[in-house]
Amino acid sequence: MRLALIATGGTIAGTGAQDSYTAATLGAESLLGAVQELRRLADWHIEQPFALDSRDIEPAHWLQLAACIQGQIDDPAIDGIVVTHGTDTLEETAFALHLLLPAGKPVVLTAAMRPATSLSSDGPLNLLQAACVALSPAARNQGVLVVANDAVIAAHDLVKQHTHAVDALQSRAGRGLAGSVLGESVSMRLCTQAARTALLQAADGALPKPESLPRVDILYAHAGAAPDLIDACVTAGAAGIVLALSGHGSIPASWRAAIAKALSQGVHIVRASRVAAGGVRPQTNEDDAATGCIAAGDRTAQQARVLLLLALHCKQAERLGELFATL
Ligand code: SIN
């Protein structure tokens, strides 16, 4: 069996103490060298498109990484792909890759909360278990998966729920795990699925290019939040705004005029919630058909931004309602 390891940085490649370290300092070869079982499980092809603390990952990096992974998907000698990444923005990268890549060959992301040199680092076991999942026939056709702390999490369900605990990466409340790993033994709970093409593609059917990405902002609603925040996003050139609203995506009365103005200027507005679980359903709590807003569905505000940004970049603005309702 042959796997590809694509390293992008993060704490899993970090050095220093647990409470004071630098992320993204070790290369892919060091990560592989730290876990001798990895060489027993598979032969490895290594790529390192960039080495970043994931706070610095931008939408163009999602597309660069997607192209790198696609290269490995297209290589018939590769059986599965493991990607190492920081935990901080893993939920955004994972969801972007889930939208952009075909579901066939396993693509498994992993990360760590403790740097490689700290006592009880979680990176080596997470990397080993990610490799086991990438080699598992049950991981085929499932879309992008994330492995951390014995859990297999579907990319579209992933949330980071703790700032420092080792089990920070979780499946969103009420969504359940895609599977689990005990040692090297993988147990998947998802049903068998057929392979599929990418959920989102450029008009020519290829991966979109990382140039000229639209600006999409997230605004976090809070008591007394000023409506001129919306005007500021529009003036700065936002093509879309995701509102992380209170409750079930409830729009404050003081924001309605600014939202209507932004919509009239062609800015796309998505209603998401700042609440941790449950999402925002269309025509619930607000008359979306009348306002022109799009409900985020069962997505976090940051996932809604990934979908809105990539859909606009793929020139699918007229399909936004359908995309948000189905993907
Ligand atoms: C990062 O996201 O790159 C740093 C933090 C982490 O990986 O946990």
Size of electric dipole in region 2-188: Cβ of Lys, Arg +1 and of Asp, Glu -1, about Cα centre, debye, nearest 20: 320 debye
At 1.4 Å probe size, with no ligands or nucleic acids counted, give the accessible surface of L119 in Å², nearest ten. 150 Å²
Going from most exposed to least, what order do M188, M1 have by accessible area with a 1.4 Å probe? M1, M188
Check which residues have an amide H placed less than 5 Å from G179's amide H, if you skip close sequence neighbours. V152, R189
What are the aspartates and glutamates whose alpha-carbon lies under 17 Å from the alpha-carbon of K160, with same-chain residues fewer than 8 places away excluded? D53, D56, D88, E91, E92, D122, D150, D298
Rounded to two decimals, the Debye log10 I(q)/I(0) of region 2-188 (Cα scatterers, no solvent) at q = 0.18, 0.20 Å⁻¹ is -1.16, -1.51
So the carbon and sulfur contribution to the accessible area of region 137-203, 1.4 Å probe, in percent, is 52 percent
For region 87-148 and region 176-236, compute the distance between their C-alpha centroids and round to whole Å. 16 Å
Work out the charge dipole of the chain with +1 on the Cβ of Lys and Arg and -1 on the Cβ of Asp and Glu about the Cα centre, then indicate which of T8, S180, A131 is farthest towards its positive end. S180
Per residue of region 139-147, what does 6.51 cos²θ - 1.76 cosθ + 1.60 with θ = phi - 60° give for ³J(HN,Hα)? Whole Hz please, x for Gly and Pro, Karplus curve as stated. 8, 6, 6, 9, x, 6, 10, 10, 10
Which value, in debye to the nearest 20, describes the size of the charge dipole of the chain about its Cα centre when Lys and Arg Cβ atoms bear +1, Asp and Glu Cβ atoms bear -1, and nothing else is charged? 540 debye
What shape does region 1-110 have by the C-alpha gyration tensor, where a ≥ b ≥ c are the square roots of the eigenvalues, rounded means a/c under 1.5, and otherwise prolate means a/b greater than b/c and oblate the rest? oblate
Before I look further, what does the chain give for accessible area per residue, probe 1.4 Å, in whole square angstrom? 41 Å²
Run through the DSSP bridge list for the chain and note the antiparallel percent, rounded to the nearest 5. 40 percent
Counting alpha carbon pairs within less than 8 Å and at least 6 residues apart, what relative contact order, in whole percent, applies to the chain? 14 percent
With DNA, RNA and ligands ignored, accessible area of T235 (1.4 Å probe; Å², nearest 10): 120 Å²
Arrange the residues E318, E286, E58 by how much accessible surface each exposes, largest first, with a 1.4 angstrom probe. E318, E58, E286
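Can you tell me the relative contact order of region 240-310? Whole percent, Cα pairs under 8 Å, sequence separation 6 or more.
It rounds to 37 percent for region 240-310.
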Hey, what do the phi angles of region 131-138 turn into as Karplus ³J(HN,Hα) couplings, whole Hz, using 6.51/-1.76/1.60 and θ = phi - 60°, x for Gly and Pro? 5, 4, 5, 5, 8, 7, x, 6
In degrees, nearest 10, the alpha-carbon axis of helix 301-313 is tilted away from the dominant principal axis of the alpha carbons of the chain by 80 degrees
In the full protein assembly as shown, how much of Y21 is accessible to a 1.4 Å probe, in Å² to the nearest 10? 90 Å²
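The values are calculated or read from the model by the stated rules, or taken from the named source; none is laboratory data. Worth saying up front: this structure is predicted, and the values here are computed from it rather than measured. Ideal geometry is used to build each Cβ from the backbone, glycine not excepted, and the neighbour counts take in all protein chains shown. For the accessible areas, the whole protein counts, side chains as well, though only heavy atoms, and no ligand, DNA or RNA atoms are used. Shrake-Rupley method; radii C 1.70, N 1.55, O 1.52, S 1.80 Å.
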